[in-house]
1. Can B:VAL8 be described as within 19 Å of B:GLU61 (Cα to Cα), within 13 Å of another protein chain (Cβ to nearest Cβ) and modelled with pLDDT of 90 or more?
2. Mind checking which residues of the stretch A:101-129 are touching a strand residue (DSSP E or B) at 6+ places or on another chain (Cβ under 6 Å), among the aliphatic types (A, V, I, L, M) and either within 13 Å of A:GLY91 (Cα to Cα) or more than 14 Å from chain B (Cβ to nearest Cβ) (or both)?
3. May I ask you to list the residues in the stretch A:24-62 that are closer than 12 Å to A:ILE9 by Cβ, touching a Lys or Arg at 6+ places or on another chain (Cβ under 8 Å) and among the hydrophobic types (A, V, I, L, M, F, W, C)?
4. How many residues does the stretch A:130-144 hold that are farther than 11 Å from A:VAL161 by Cβ, touching a strand residue (DSSP E or B) at 6+ places or on another chain (Cβ under 7 Å) and part of a helix (DSSP H, G or I)?
5. Exactly one of (1) within 14 Å of another protein chain (Cβ to nearest Cβ); (2) among the polar types (S, T, N, Q); (3) over 22 Å from B:ASP57 (Cβ atoms) is unmet by A:THR93. Its number?
6. Select from the stretch B:21-77 the residues that are more than 12 Å from chain A (Cβ to nearest Cβ) and among the acidic types (Asp, Glu) and list them in ascending order.
7. Please go through (1) of a type outside the set (Ser, Thr, Tyr); (2) at pLDDT 95 or above; (3) farther than 25 Å from A:GLU105 by Cβ for A:LEU212 and return the number of the only condition it doesn't satisfy.
Amino acid sequence: MLKGKNALITGASRGIGRAIALELAKNGVNLVINYAGNEAKAQSVVEEVEQLGVKAFKVQADVANETEVKAMIKEAINEFGSLDILVNNAGITKDNLLMRMKEEEFDQVINTNLKGAFICTKAVTRQMMKQKAGRIINVASIVGVSGNPGQANYVAAKAGVIGLTKSTAKELASRNILVNAVAPGFIATDMTDVMTEEQRERTLAMIPLAALGKPEDVARVVRFLASEDANYITGQTIHIDGGMVM
Amino acid sequence: MADVFDRVKTIIIDRLDVEESKITMEASFKDDLEADSLDVVELVMELEDEFDLEIADEEAENINTVGDAVNYINSKQ
């Protein structure tokens, strides 16, 4: 059903982005693997998805830089001829207590996690409007719904992404561009590896399903939202968090 | 001049599905041709493709009538 579609995933060299790339590739989707810094990891994702029989290439771009993003989208369209799916996944953390958080720590996280999603969305919209079809899937976070101490910047950005999702969904629905978000809870990635044992235990106690999620748990929902099975869903944020926030 | 107007007219008919007679230089996209704001954005995109132009957002915001579009295109050619 997704076979032959073309997708761009930001921040796809590792973690959830990489899992989304593999999941979409298994379903026949050609991929642009965007990455910020880790070329070797991005290249290995390209090779892995190529082995699944799809076309793929990597592009380095800072999602918060409009010039770089525009060039990347142009390259994607030149290469594949269309762009059916955008996954705004690129994200960073700079955790600190509000009282200690520096302005630049706040700005950096907002720039990559929120402004980056805006810039990429704006850049693909032209193509998707022409196609009269498109799917945009934003990777938000459950803490954007619930809040989290020590992450004022990250939470503000992710809550912003949820708002961006809803506004974009309303603006573009008439052109058959569907925009949804996923809100992962605690997923086992590099981002959660930095938690202390104590933090981990406290976190598990908050999760009804009593386990961290896997990147694949998120990837499968993204695949669903990208597919025709989700034709009547737009503007939604789907929690993938083991029941942590209801 | 007529050439640009005719090409713009063809795009408008195709995009907005309006009668040819309604498309005058004075016609406002939103008030006379029943375009919503997203329609106008799409029209501008198509004009960019048709005339091989890049219309900056600030300039696009000033394109309200058919005449605005025709005059803008003429000024760039």
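1. No; evaluated as a whole, the condition is false for this residue.
2. Hit for the stretch A:101-129 is A:ALA117, nothing else.
3. Those that are closer than 12 Å to A:ILE9 by Cβ, touching a Lys or Arg at 6+ places or on another chain (Cβ under 8 Å) and among the hydrophobic types (A, V, I, L, M, F, W, C): A:LEU24, A:VAL29, A:LEU31, A:VAL32, A:ILE33, A:ALA42, A:VAL45, A:VAL46.
4. 1
5. (1)
6. Scanning the stretch B:21-77 gives B:GLU26, B:ASP31, B:ASP32, B:GLU34, B:GLU50, B:ASP52, B:GLU58, B:GLU59, B:GLU61, B:ASP68.
7. Condition not satisfied by A:LEU212: (2).
Per-residue answers, yes or no, for (1) exposed (fewer than 15 other Cβ atoms within 10 Å of the Cβ); (2) touching a residue at least 40 places away in the same chain (Cβ under 8 Å); (3) not β-branched (Val, Ile, Thr):
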site: A:GLU23; (1), (2), (3): no, yes, yes
site: A:LEU31; (1), (2), (3): no, no, yes
site: A:ALA42; (1), (2), (3): no, no, yes
site: A:GLY53; (1), (2), (3): yes, no, yes
site: A:VAL63; (1), (2), (3): no, yes, no
site: A:MET72; (1), (2), (3): no, yes, yes
site: A:GLU75; (1), (2), (3): no, yes, yes
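The values are calculated or read from the model by the stated rules, or taken from the named source; none is laboratory data. Source: prediction; values computed, not measured. Glycine also receives a Cβ, built like all others from the backbone with ideal geometry; neighbour counts cover every protein chain displayed.
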